Amino acid sequence: MKKVLLPLMLIFSAVTAMAQTADEIIDKHIAAIGGKEKWLKVKSVQMEGTVNVMGREVGVKVTNVHNIGSRQDISVAGMTGYAIVTPTNGWQFMPFQGQTKPEPLPADAVKASLDDLDLQGNFIDYKAKGHTVEYLGTEDIEGTECHKLKVTRKNSGDQTVFIDAETFYVIRTSTKINMNGQEIETKTDMSDYRDVNGIKLAFSITQPFGTVVMTSVKVNESVDEKIFADPTK
């Protein structure tokens, strides 16, 4: 019997150690970006910036209200488009892509955005939110040693998060979502973290289309929630 119990004890010890390691990394990350107490008070974030796309400067404005809605306004060549997501619906209007009126987002696109409506992020109280986190060891990301965590989110796709082992800031996320029956993976790099009202936010966000450089970031300022209303009505 002892020959059976000993390996089992070693397995359970290894699993426990892995879970503790993930939680320790998460705790250090949350502390590095301002602490749980301050993040629980975050109800809105408004960000404005620019990105260069194929030689054109594109204006970007992102307005988020915690678990209420997210709106992205994009301005280019004298035209303005937008994408809106709420917990139940979403719409998109991109005139520079040939759209002549707002159209509903597909249900899978709305679902893929649900967990991102949580401004406090996936790590704060992640168990209570229904997420799970697995520690995958360390990995070098363009010369920076990072802790690698796999986050299985309750509603949206799985996400791999790379946390700088020195600063404990997130410097990259890789997210897998299902769109139209196909799995799509998107990578986002984050840098230039700055303090805004006691919390740390990235002022440089790189996605496949380019790098958005933020020129203004506001936290907990008033937002008219009508901007998330159905634009087709």
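Annotations for the structure displayed:
- Proximal aspartates and glutamates to K41, defined as alpha-carbon separation beneath 20 angstrom and excluding residues fewer than eight positions away on the same chain: D27, D115, D116, D118, D125, D195, E221, D224, E225
- Computed from point charges on the beta carbon alone (+1 for Lys and Arg, -1 for Asp and Glu), the dipole magnitude for segment 32-75 about its Cα centre is near 220 Debye.
- Label separation (E48 vs I184): 2.8 nm, computed from points 7 Å beyond Cα along the C-beta direction.
- If the segment from K176 to E57 were pulled out straight at 0.36 nm per residue, it would be longer than the present Cα-Cα gap by 40.0 nm.
- When the Cα positions of M54, S174, S113 are compared along the charge dipole of the chain, S113 comes out farthest toward the positive end, with charges on each C-beta of Lys, Arg, Asp and Glu.
- In this simple spin-label model, placing a label point 7 Å from the Cα along the Cα-to-Cβ direction at both Q72 and T152 gives a separation of 2.8 nm.
- Karplus-based coupling profile of segment 141-148, in residue order and whole Hz: 10, 6, x, 10, 6, 10, 7, 10, with θ = phi - 60° in 6.51 cos²θ - 1.76 cosθ + 1.60 and x standing for Gly or Pro.
- Segment 131-176: trypsin sites (Lys or Arg not before Pro) falling in loop per DSSP and having at most 14 other Cβ within 10 Å: K154
- Linear extension gain, E103 paired with D125, 0.36 nm per residue minus alpha-carbon span: 4.5 nm
- Computed helical MRE - 222 nm, the chain, DSSP H runs ≥ 4 contributing -39500 (n - 2.57), nearest 500: -6000 deg cm²/dmol
- Table column - 3J(HN,Hα) (Hz), segment 59-76, Karplus curve with 6.51, -1.76, 1.60, x for Gly and Pro: x, 10, 10, 10, 10, 10, 10, 3, 6, 10, x, 9, 9, 10, 10, 10, 10, 7
- Full extension of the chain between D27 and E221 gives 67.1 nm of extra length, using 0.36 nm per residue less the Cα-Cα distance.
- Solvent exposure of the chain as accessible area per residue, Å², 1.4 Å probe: 57 Å²
- Share of carbon and sulfur in the accessible heavy-atom surface of segment 20-228 [1.4 Å probe, %]: 47 percent
- Mean separation of Cα contacts under 8 Å, 6 or more apart, over the residue count of the chain: relative contact order %: 20 percent
- Going by accessible surface with a 1.4 Å probe and the largest first, L105, L136 read L136, L105.
- Accessible heavy-atom area order of I30, I227, highest first, probe of 1.4 Å: I227, I30
- Of the GluC sites (Glu not before Pro) in segment 133-233, those whose Cβ has at most 15 other Cβ within 10 Å and which sit in DSSP loop: E142, E166, E221
- Non-local Lys pairs in segment 126-233, i.e. 8 or more apart or on different chains, that have alpha carbons under 24 Å apart: 23
- The chain, dipole about Cα centre (Lys/Arg Cβ +1, Asp/Glu Cβ -1), debye to the nearest 20: 560 debye
The values are calculated or read from the model by the stated rules, or taken from the named source; none is laboratory data. As the structure is a computational prediction, the values presented were derived from the model and not from experiment. Positions of Cβ are generated from backbone atoms using ideal geometry, with glycine treated the same way; all protein chains shown enter the neighbour counts. Protein only, heavy atoms only, side chains kept; ligands, DNA and RNA dropped before computing areas. Shrake-Rupley method; radii C 1.70, N 1.55, O 1.52, S 1.80 Å.
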